[in-house]
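Student: Would you mind keeping the following structure in view while I ask a few things?
The values are calculated or read from the model by the stated rules, or taken from the named source; none is laboratory data. Everything numeric in this text was worked out from a predicted model, so none of it was measured. Backbone-built Cβ (ideal geometry, glycine too); neighbour counts: all protein chains shown.
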Amino acid sequence: MAVTVLQFSGGIDSLCMLLLLRKSSRAGAHVVTVLTDGAYPDAEQYLQAVANEMRMYTFHTVRTERYLPHYGQPVDIVPLRWTAMGQLARGTHDVRYQDAFSCCNRAIWEPLDKKSRALDATDIYRGQRNDDRLRSPLKDGDEDRGVRMHFPLADWGRQEVREYVIDNAPHLLPEYYAMGEQTSRDCLDCTAYRADNAIRVDNLPDLEKQRVNGLITRWHRDVITELENPK
């Protein structure tokens with residue numbers, strides 16, 4: 001029997017996908033989302049609002065831990081001496097860094113995939129677009145370990161997605177998109193993905209913005225140290 005799973009990030013693309021497919025035979029599908037220990041305080045409330053609106057789906061929330069003290073703060077460029085192995089080799093104890101992809105995979109992507117497959121998914125849908133700067137190498141219709149992958153928004157543009165959501169459920173459009181943000185809000189204190197995340201950090205409450213910017217400033221300094229004084 002076919003089992004459809006829709007992977008929902010809480011962002012505008014995956015929201016558009018839910019709205020698009022609720023009118024199709026995908027009604028009755030499972031919706032799986034992940035909330036990390038760094039999730040925004042209002043994330044759960046927003047997910048509940050979406051679930052209340054789309055009762056044709058069965059919603060599942062996976063809660064995960066990032067274990068930042070152990071693995072380190074996620075960053076885009078990793079200064080090796082401040083990684084877990086670098087600190088072990090040097091016998092130091094200081095701020096620690098990890099690459100952003102490892103953090104996301106451990107706390108979001110892998111748990112999302114694991115839960116989807118635990119539901120015996122035969123078909124997984126994602127809100128990925130072909131013009132996304134970061135995206136899976138899988139294409140619409142590809143099979144991945146026995147599961148068919150679907151990207152119904154593959155050929156859509158950013159503006160087309162926004163217009164569809166505004167036309168069909170404007171009250172569910174997260175307000176932060178009107179504040180200039182372009183991606184879903186995953187972890188409040190994320191210090192990586194600076195190409196996409198700078199505006200999000202600027203929109204943080206003052207105390208949190210100060211803390212995150214402090215971490216980013218320290219990271220900048222450590223990268224320069226790694227490049228100019230590799231001892």
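Student: Specify which of the listed residues (Leu207, Leu215, Leu227) is at pLDDT below 95, assigned to a helix (DSSP H, G or I), of a type in the set (A, V, I, L, M) and more than 20 Å from Ser14 (Cα to Cα).
Tutor: Going through Leu207, Leu215, Leu227 in turn, just one is at pLDDT below 95, assigned to a helix (DSSP H, G or I), of a type in the set (A, V, I, L, M) and more than 20 Å from Ser14 (Cα to Cα): Leu227.
Student: Now for a separate question. Which helices (runs of 4 or more DSSP H) does segment 64-181 wholly contain that include 1 or more residues that are charged (D, E, K, R)?
Tutor: Ranges flagged: 84-90, 110-118, 158-168.
Student: Any idea how many residues of segment 23-50 are within 18 Å of Tyr125 (Cα to Cα), surrounded by fewer than 17 Cβ atoms within 10 Å (Cβ to Cβ) and under 21 Å from the mean Cα position of the chain (by Cα)?
Tutor: Final tally of qualifying residues: 0.
Student: Identify, from the list Ser102, Ser136, the residue that is at pLDDT below 90 and hydroxyl-bearing (Ser, Thr, Tyr).
Tutor: Among Ser102, Ser136, only Ser136 is at pLDDT below 90 and hydroxyl-bearing (Ser, Thr, Tyr).
Student: How many residues are touching a residue at least 24 places away in the same chain (Cβ under 8 Å) and either assigned to a loop (DSSP other than H, G, I, E, B) or more than 20 Å from Asn168 (Cα to Cα) (or both) when one looks only at segment 12-40?
Tutor: 15
Student: While we're looking at this one, here's another question. If Asp120 satisfies all but one of (1) exposed (fewer than 13 other Cβ atoms within 10 Å of the Cβ); (2) modelled with pLDDT under 95, what's the number of the condition it fails?
Tutor: Evaluating Asp120 over (1) exposed (fewer than 13 other Cβ atoms within 10 Å of the Cβ); (2) modelled with pLDDT under 95 leaves (2) as the failure.
Student: So which residues in segment 189-204 are closer than 24 Å to Arg126 by Cβ, among the charged types (D, E, K, R) and either at pLDDT 95 or above or surrounded by fewer than 12 Cβ atoms within 10 Å (Cβ to Cβ) (or both)?
Tutor: The answer is Arg200, and nothing else.
Student: Shifting gears a bit: Only one of these is buried (at least 17 other Cβ atoms within 10 Å of the Cβ) and of a type in the set (D, E, K, R): Asp140, Asp186. Name it.
Tutor: On inspection, the qualifying residue turns out to be Asp186.
Student: Let me ask something additional. Can you tell me how many residues in segment 63-116 are free of Cβ contacts under 8 Å to residues at least 60 places away in the same chain, aromatic (Phe, Trp, Tyr) and more than 19 Å from Phe8 (Cα to Cα)?
Tutor: Residues that pass the stated criteria total 2.
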